[in-house]
Every structure is written in C-alpha cells, then in structure tokens.
Amino acid sequence: MKNDRSFKNILMVSMGGMLDVYDFIVYAVMSRYISDVFFPNEDSMTSLISTFAIFAIGYLARPVGGIIFGHLGDKYGRVKLFSYSILLMAFSTFFIGLIPSYTSIGIYSTLLITFFRLLQGLALGGEFPGAITYITEFSVEKSGKNAGYMFCSMWLGAVLGSLTLSVLLLKFTHPEMLQFGWRIPFFISGVLGLFGFFIRTRLIESPDFSMVKRIERVPLWIVLRNKKVDVLVGIFVVAINSATFYSLWFFLPDYLVKIVGETKPYLHWYITLGLLLSSLFCVPFGYLADRLSISRFVRLVCLLAILLPFPIYSLYMIKGNIFIASVVLSAVLSAISAVVIPKFLFRLFATNIRYTGISICYNFANAIFGGFAPMASLLLIKESGSNMAPPVYIIGLGVVALIATTIFYRVSNRVINRTKTT
C-alpha cells in the first residue's frame with residue numbers, strides 16, 4: 001500500500017512538472033517567430049541572438065527562484081511550494097501570448113516579454129529541484145527508476161510543445177504564424193496550469209522531511225559554508241544535460257534552417273520524435289542507474305558527452321535520411337545525462353538542506369550552461385567561421401565534468417578510508 005501511494009505521488013509530481021516544462025519550452029520552439037515579431041532585423045543572426053538572449057534571461061531568474069523555493073521548502077516542506085510554482089508559470093506564459101508586437105508598441109513589447117520570461121524563470125527555478133528532492137526522498141534505493149519515470153513524464157511536456165508547433169505548421173502559413181499562430185501554445189498553458197494546480201493539491205509530504213529533527217534557520221548559508229565543493233561538482237554534472245538538451249533539441253532546428261540552410265522536409269517532426277525517444281529512454285536508463293554505482297554511472301555519462309556530439313552534428317549534414325541516427329543518438333545522450341542528476345545530487349546534501357543544495361546546483365547549471373547554450377553555439381560559429389563549432393561546447397563540459405567527478409570521488413574515498421583507520 002505504501003509503494004502504491006509513493007508511486008501515485010511521484011506520478012502526480014511528474015505530471016505537474018510536464019505542464020511546467022511545456023509552458024517554459026514553448027518560447028524555445030516558437031523562437032523563430034518571436035525573433036521576427038519582437039526583434040525585427042535584416043540580419044537573421046542578430047535577430048536570433050536577441051531572441052535567445054531573452055531565452056537566457058529566463059534562466060538567469062531560475063537561481064533566484066531556486067533559492068527562494070529551496071529556502072521555503074527546507075523550512076516548511078516540499079509540497080507547499082508546488083502549487084504556487086505551477087500557477088506562476090501558467091500566468092506568465094499566458095500573458096506572453098497577449099503581448100503586442102514590436103511594430104505596435106515598440107520597446108515596450110521587449111520589456112514585457114522580458115518581465116514575463118523572468119517570472120517563468122522564477123517559477124521553474126523551484127519546480128525541478130523540488131521534484132528531484134521529492135521523488136528521491138521517497139525511495140533512495142529506487143531513485144534512478146523514479147528519476148526515469150519523472151523525466152519521462154516531464155519531457156513529454158517538451159514533446160507536447162514541439163508537437164504543438166508541428167501541428168500549427170501544418171494548419172497555418174508563415175504569415176499566419178507570425179500574425180497569431182505562434183500565440184496559441186501560450187494560451188493553452190492557462191488551461192493546463194489550472195489542471196496542474198489541481199494535481200499538486202493532492203500530494204502528501206515527503207517522508208524524509210516529515211522525520212527531520214533540525215530545521216536550519218538559513219539553509220543557504222549552511223550550503224555555501226560547508227558544501228562549496230559539492231555544489232561545484234553538482235553544477236558540472238547537471239551542466240552536461242543542460243547543454244545537451246537545449247543545444248540538440250531547441251537550438252538545432254534554427255541552426256539547421258537559418259545557419260546551415262538545411263531544407264530537409266518535416267525536420268520539426270523528427271525533432272519531436274527525438275524528444276519522445278528521449279522521454280522513453282529515461283525509463284531504462286533509470287533502471288540502469290540503480291544497478292550501477294553512482295560513480296561509474298556518472299563517468300559513463302561524461303564519456304558519452306565527449307564522444308557523441310561530433311557524430312550527432314556530422315550526421316545531420318549528410319544528405320538523405322541517415323540523419324535519423326543523429327536523432328536517436330541525441331535522445332540517448334539527453335536521456336542518460338538527465339537520469340543521473342537526482343541520484344547524484346541526492347547524496348551531496350542532508351535532508352534539512354537538500355532542497356536548497358539541489359536548487360543551487362540545478363539552477364545555476366541551467367542558467368549558465370543551459371540558458372546560454374544557444375548563444376554560446378552561435379558565438380562559436382561566428383568566431384570560428386565553422387558550422388561544426390557547436391559540438392565543442394558539449395564536449396568541453398563533458399571533459400570538465402569527468403575531471404571534476406573523478407577527483408571528487410578519489411578525495412571522498414580517501415576521507416572515508418582515513419576515517420575507518422582512525
């Protein structure tokens with residue numbers, strides 16, 4: 001009976017997270033239209049960079065949201081924060097769809113989309129870390145499996161956002177998409193947000209938090225004072241997934257169309273298929289995470305981040321349908337780099353500071369390495385003059401994470417062994 005209740009709570013957290021991901025991702029999948037509506041410029045590269053700059057601003061707000069939600073979550077419980085985060089996300093996404101174009105109100109449109117993007121970032125800053133904390137505290141032994149199901153459900157929100165664009169492209173012409181079509185997904189989020197709020201009101205509190213005997217007055221201070229190395233290593237591990245997810249799924253379509261000049265038919269349907277495969281792959285990789293030691297699993301993720309990016313980008317350049325292999329490899333890398341996160345971060349922090357610690361790692365990694373992944377890729381292309389520069393970004397993070405985790409585990413093992421001998 002306890003296991004049934006635990007699974008139901010994990011499922012409800014995941015479904016609510018799916019709606020939040022949909023709300024946040026629709027900006028990315030609609031970026032090509034947002035760039036024309038709010039940042040009109042004769043240079044498509046400059047227009048696209050401006051659009052992704054606002055995309056990155058949403059990520060800069062996530063650490064702030066994570067600190068606020070993490071502080072409250074470590075003091076008053078995990079569940080109480082969920083309902084408000086999803087309502088804030090739905091509200092801000094819905095109002096983005098109402099903003100008049102740049103040609104109508106000028107710079108005010110830019111200010112408004114920046115403001116609501118900041119609100120989105122605040123909401124999501126508490127969403128993922130809270131979900132990670134919540135599902136791992138229900139079962140440490142099955143945290144990989146639970147993470148697999150959680151990311152599978154959440155990423156279906158990304159699939160839903162991508163699928164929405166695919167359907168709209170079939171129904172509307174390009175001028176119609178610029179005029180009103182791009183706004184439709186933002187309006188849908190209002191209805192989905194109310195549904196998510198209802199789901200969250202039925203959650204029970206995390207059993208680990210219910211048994212906490214000491215509540216820290218300022219959890220953030222404890223984390224920054226005693227866990228600096230753990231936070232840094234945690235950021236590098238999360239950064240692999242952040243860079244992979246946003247580089248390979250949401251930057252790549254615009255990269256292929258606007259930079260490479262690719263004209264593959266139904267490209268966006270293939271991207272949607274890739275996101276779906278990523279969601280499905282999370283489940284078996286979650287089970288694998290529970291069978292391997294966390295140190296081995298992390299190293300496997302780092303090695304794949306080093307080895308796969310160049311083949312992925314190279315296969316997209318080949319004429320014909322062989323590029324479907326790129327879609328599958330991208331799905332493998334994004335899925336396996338996601339399910340490692342909860343299991344790795346859970347062990348870094350005690351229960352009374354866990355929400356705060358995970359929030360800092362997850363949100364700073366996404367803000368720095370995820371939100372700026374599209375801009376970093378564009379700048380690499382511009383500075384190097386090569387269309388094959390973007391893979392370097394993911395590979396570099398894989399190398400740094402591999403070095404950091406290897407040193408971290410060696411030092412940790414020495415401390416443990418030294419403690420046993422004394």
Check your understanding: Could the peptides 246-253, 348-355 be put in order, highest first, of the mean number of other beta-carbon atoms found within 10 Å of their residues?
Key -> 246-253, 348-355
Review point. Nearest 10 degrees, 0 to 90: what angle lies between the long axis of helix 391-421 and the longest principal axis of the chain (Cα atoms)?
Key: 0
**Study point:** the chain: angle of helix 2-29 to the longest principal axis, Cα-based, in degrees nearest 10
**Key:** 30
Review point. With axes computed from alpha carbons, what is the tilt in degrees of helix 143-171 against the longest principal axis of the chain, rounded to the nearest 10 within 0 to 90?
Key: 10
Exercise for review: For the stretch 76-235, report the accessible area per residue in Å² (1.4 Å probe, heavy atoms, rounded to an integer).
Suggested key: 45
Practice item. Output the peptides 374-383, 328-337 sorted from most to least packed, where packing is the average of other Cβ atoms within 10 Å over each peptide's residues. Key: 328-337, 374-383
**Study point:** Gaussian network model of the chain, Cα within-10 Å springs - most flexible of Ile360, Ile204, Ile105
**Key:** Ile105
Study note, to complete from the structure: Looks like the stretch 78-159, by Cα gyration tensor root eigenvalues a ≥ b ≥ c and the a/c under 1.5 rounded cutoff (else prolate when a/b is bigger than b/c, oblate otherwise), is prolate
Point to revise | Three-way shape label, the stretch 287-422, alpha-carbon gyration tensor, a/c 1.5 | key: prolate
Study note, to complete from the structure: Quick calc, Leu194 & Ala325: beta-carbon distance into FRET formula, R0 45 Å, rounding 0.05, result 0.65
Point to revise | Flagged links, alpha-carbon separation over 24 Å, of Lys8/Lys228; Lys8/Lys145; Lys228/Lys343; Lys75/Lys227 | key: Lys8/Lys228
Study note, to complete from the structure: Answer in debye to the nearest 20: the dipole magnitude of the chain about its Cα centre, from +1 Lys/Arg and -1 Asp/Glu charges placed on Cβ, is 1640
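The values are calculated or read from the model by the stated rules, or taken from the named source; none is laboratory data. Source: prediction; values computed, not measured. Here the Cβ is made from the backbone with ideal geometry for all residues, glycine too, and neighbour counts use every protein chain on show. Note: accessible area is taken over every heavy atom of the protein model, side chains too, but ligands, DNA and RNA are not part of it. Shrake-Rupley method; radii C 1.70, N 1.55, O 1.52, S 1.80 Å.
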